[in-house]
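The structure appears below as structure tokens.
A short reminder: the numbers here are calculations on the coordinates, not readings from a lab. Quick caveat, the model's predicted, so the values are computed rather than measured. Reconstructed Cβ throughout: ideal geometry from the backbone, glycine too, with neighbour counts over all protein chains shown.
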Amino acid sequence: MPQFERHLFVCENERAEGHPRGCCSAKGSREVRARLKRLIHEHGLAGRVRANQAGCLDQCERGITIVVYPEGVWYGGVTLADVDEIFERHVLRGEVVERLRLRDAPDPAR
């Protein structure tokens, strides 16, 4: 099984229109993941970095959610405008983008 340097999971969960919790899909998560995939390929990182679709990550009210492993860093309220910064800073340099970090997200050590 391949070992990725970074593995990004982008919530693309869909709920019925008008659901009180909303959903990441309606907020543009497909476009966010597509941009991540494009950046991975443009930087020649295919096979080393992967962006996958995730089901519900239970952070619906916080906007589009991305989890980056192996660090287990959760980002919330991500927009298409944030993707390049997350990629450049976290994926390429290993820096957490603190302004988007969900500090009270589930603990990856559990």
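If you project the alpha carbons of the chain onto their three principal axes, what span does each projection cover, largest first, in Å?
Computed over the chain, the largest-to-smallest principal extents equal 40, 30, 29 Å.
Give the residue from 83, 72, 52 lying farthest towards the positive end of the charge dipole for segment 29-110; charges sit on Cβ (+1 for Lys and Arg, -1 for Asp and Glu) and the dipole is referred to the Cα centre.
Looking along the dipole axis, the top candidate is 52.
Can you compute the helix-only [θ] at 222 nm over the chain? Use -39500 (n - 2.57) per DSSP H run of at least 4 residues, normalise by all residues, nearest 500 deg cm²/dmol.
-5500 deg cm²/dmol
For segment 29-110, what is the charge dipole size about the Cα centre, in debye to the nearest 20, if Lys and Arg each add +1 at the Cβ and Asp and Glu each add -1 at the Cβ?
Values: 14 positive and 13 negative charges, 56 e Å.
Dipole size: approximately 280 debye.
Between residue 61 and residue 15, what is the label-point separation in nm under the 7 Å Cα-to-beta-carbon projection?
1.0
Looking only at the chain, where both bridge partners belong to it, what percent of the DSSP beta bridges are antiparallel (to the nearest 5)? Can you show the working numbers first?
Working: 9 of 16 bridges.
Taking every DSSP beta bridge within the chain, about 55 percent pair in antiparallel fashion.
Can you give me the angle between helix 29-42 and the longest principal axis of the chain, using Cα atoms only, in degrees from 0 to 90, rounded to the nearest 10?
Rounded to the nearest ten degrees, it is 10.
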